[in-house]
Amino acid sequence: MIPMNQQPHPAGHLSPQESRWYIPYLVFAKWVAISLIVGLCAGLVGVLFHLVLEWCTVTREGQPWLLWLLPLGGIVIAALYKYIGKDQDRGTNMVLAAVRSPQEVTAVTGPLIFLSTALTHLLGGSAGREGAALQLGGCIASQLGKVFRLDEKDAHVIVMCGTSAAFAALFGTPATAAIFALEVVSVGLMYYSAIVPCTLAALTGAWLAGQFSIPPTSFSLSAVPAIGPLSLLQIALLGLLCAWVSNLFCFAMHRATSLAKQWLPNALVRAAVGGALIILLTLLAGSRDYNGAGMEVIARAIGGQAVPWAFLLKILFTAVTLGFGFKGGEIVPVFFTGATFGCAAGALLGLDPGFAAALGLIAVFCGVTNCPVTSVILGVELFGAQGLLCFAACCAVSYMLSGYGGLYGEQKIVYSKLKAEFIDIKAR
């Protein structure tokens with residue numbers, strides 16, 4: 001990306017090719033065709049992935065003894081990555097790097113993340129699904145880019161299309177999926193040239209999920225406060241607290257990974273120990289709420305019911321699961337953390353617990369991803385537009401006060417959060 005304070009051409013003019021009147025229409029037609037193909041391919045895989053994970057969740061809940069196989073599952077996952085030569089795999093960071101550099105998402109990434117995430121969910125690891133969706137979509141799109149013989153710049157855009165389509169197919173939130181792909185790579189700048197491809201791919205992925213009767217993720221809010229001085233103060237305070245929780249979440253993820261590798265250099269041993277720790281934590285917690293993604297706990301929190309310390313336990317379970325070598329995403333655990341924290345903290349601040357859970361979900365997501373626009377759109381797609389102003393206020397506070405950390409080390413924060421200054425640093 002070219003910073004806004006730099007000129008794209010020495011003379012500050014469009015190139016001769018771009019200045020021709022018909023060029024936008026040709027480019028538009030090209031990306032309509034490519035986006036539809038990518039949306040169908042990545043969306044179909046996203047649908048299959050959703051169905052497999054649903055089966056894994058139902059099977060795990062019906063067969064509680066599967067949890068005892070988690071150490072063995074960890075060994076299998078670590079062995080797969082080691083055998084195929086992907087033991088240094090960087091997950092979603094690899095997809096972000098592929099959007100910004102010549103690095104590509106290798107063909108083997110898709111099958112690996114599909115299988116390993118399914119195994120993690122089946123046996124009771126604490127993980128989400130969107131990290132796998134981003135990698136699956138990026139992998140498929142990257143391979144299609146080779147088939148279409150796209151140049152380097154267009155290859156970056158098609159990867160963004162793939163991530164949008166797979167994300168939308170899994171969650172049923174196409175606007176969020178499209179804007180997330182534009183916003184997450186370089187905070188402070190958006191890849192507006194990809195807005196049509198990503199939007200069409202996301203809409204195609206979401207439509208395809210609908211054809212398989214997969215409902216979009218959505219919740220009902222019962223109490224949205226009127227905007228006023230008191231409610232804005234309460235919302236701002238919750239945004240501040242969510243910024244702190246997002247920092248804690250990111251710290252726990254990064255710290256668990258570094259300590260696990262330091263203490264247990266052998267990946268197979270590390271995964272086995274991680275599986276054993278999850279079993280121990282489950283027994284100590286006396287609940288299976290923290291295994292798997294935890295969507296049912298999120299629904300209860302938005303309904304106004306959450307254990308006050310649930311967010312801390314979910315952070316711990318997820319840090320151990322992903323830090324010790326299991327695979328999956330962080331975003332659904334972020335939703336869990338934000339919703340349960342918001343439910344508990346909102347009641348203390350005088351907010352309706354269910355509404356505060358919704359605010360917490362999007363504000364903690366905002367803090368860990370550094371994507372305020374995506375977060376507000378996510379709030380609208382999940383909870384409806386009646387809370388739009390509240391969502392915007394809470395996310396704005398969380399974004400500004402969450403600092404320069406984040407889940408993804410390859411994410412670039414291009415402009416300062418505090419003033420109009422070009423900083424161009426990686427998220428810490």
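Tabulated data for the structure shown
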{"quantity": "Within the accessible area of the chain (1.4 Å probe), percent carbon and sulfur", "calculated": "68 percent"}
{"quantity": "Electrostatic dipole magnitude of the stretch 98-184 [Cβ: Lys, Arg +1; Asp, Glu -1; Cα centre; debye, to 20]", "calculated": "120 debye"}
{"quantity": "Accessible surface ranking that places the most exposed of Asp151, Asp352 first, with a 1.4 angstrom probe", "calculated": "Asp151, Asp352"}
{"quantity": "FRET efficiency estimate (nearest 0.05) - Cβ-Cβ, Gln63 to Ser258, R0 25 angstrom", "calculated": "0.15"}
{"quantity": "Area projected by the alpha carbon convex hull of the stretch 370-428, averaged over all directions, nm²", "calculated": "4.2 nm²"}
{"quantity": "Segments 225-234, 31-40 sorted - mean Cβ within 10 Å per residue, highest first", "calculated": "31-40, 225-234"}
{"quantity": "Solvent-accessible surface (1.4 angstrom probe) belonging to Thr217, in square angstrom, nearest 10", "calculated": "20 Å²"}
{"quantity": "Three-way shape call for the stretch 320-391 based on the alpha-carbon gyration tensor, with the a/c threshold at 1.5", "calculated": "oblate"}
{"quantity": "Cα centroid of the stretch 88-143 to Cα centroid of the stretch 22-86, whole Å", "calculated": "8 Å"}
{"quantity": "Probe 1.4 Å - accessible area at Trp244, Å² to nearest ten", "calculated": "150 Å²"}
{"quantity": "Solvent-free Debye scattering, log10 I(q)/I(0), computed from the Cα coordinates of the chain at q = 0.07, 0.09, 0.11 Å⁻¹", "calculated": "-0.32, -0.53, -0.80"}
{"quantity": "Accessible-area ranking of Arg149, Arg270, Arg20, largest first, probe 1.4 Å", "calculated": "Arg149, Arg20, Arg270"}
{"quantity": "Most mobile of Gly138, Gly62, Gly360 in a GNM of the chain (Cα contacts under 10 Å)", "calculated": "Gly62"}
{"quantity": "Dipole of the chain [Lys/Arg +1, Asp/Glu -1 at C-beta], most positive-end residue of Val368, Ala175, Ser193", "calculated": "Val368"}
{"quantity": "Listed residue (Leu268, Asn291, Phe249) projecting farthest to the positive dipole end of the stretch 219-343, Cβ model", "calculated": "Leu268"}
{"quantity": "Exposure of Glu152 as accessible area (Å², to 10), given a probe of 1.4 Å and all protein chains", "calculated": "100 Å²"}
{"quantity": "Only Lys, Arg (+1) and Asp, Glu (-1) charged, at Cβ; the stretch 284-428 dipole about Cα centre in debye", "calculated": "260 debye"}
{"quantity": "Low-density loop cleavage sites - chymotrypsin sites (Phe, Trp or Tyr not before Pro) in the stretch 309-379, where at most 13 other Cβ are within 10 Å (DSSP)", "calculated": "Trp309"}
{"quantity": "Most mobile of Lys30, Lys327, Lys314 in a GNM of the chain (Cα contacts under 10 Å)", "calculated": "Lys30"}
{"quantity": "Å³ per residue enclosed by the Cα convex hull of the stretch 85-193", "calculated": "112 Å³"}
{"quantity": "Ranking by accessible area, most exposed first, for Met94, Met295 with a 1.4 Å probe", "calculated": "Met295, Met94"}
{"quantity": "Positive-end residue, the stretch 272-360 charge dipole about Cα centroid, Cβ charges, pick of Ala310, Leu277, Val332", "calculated": "Leu277"}
{"quantity": "Test item: Cα-centred dipole of the chain, Lys/Arg +1 and Asp/Glu -1 on Cβ, debye", "calculated": "600 debye"}
{"quantity": "Between the stretch 165-189 and the stretch 267-311, the alpha-carbon center distance in angstrom", "calculated": "27 Å"}
{"quantity": "Chain lengthening between Leu26 and Ile423 when straightened (0.36 nm per residue, less Cα-Cα)", "calculated": "139.3 nm"}
{"quantity": "Calculated from backbone phi, Karplus (6.51, -1.76, 1.60) coupling profile of the stretch 262-270 in Hz, x at Gly/Pro", "calculated": "5, 7, 10, x, 6, 4, 5, 5, 4"}
{"quantity": "Per-residue [θ]222 nm for the chain (sum of -39500 (n - 2.57) over DSSP H runs n ≥ 4, rounded to 500)", "calculated": "-22000 deg cm²/dmol"}
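The values are calculated or read from the model by the stated rules, or taken from the named source; none is laboratory data. For clarity, every value in this text was computed on a predicted model and none was experimentally measured. Cβ sites come from the backbone with ideal geometry, for glycine too, and all protein chains shown count toward neighbours. Areas reflect the complete protein model, heavy atoms only, side chains present, ligands, DNA and RNA absent. Shrake-Rupley method; radii C 1.70, N 1.55, O 1.52, S 1.80 Å.
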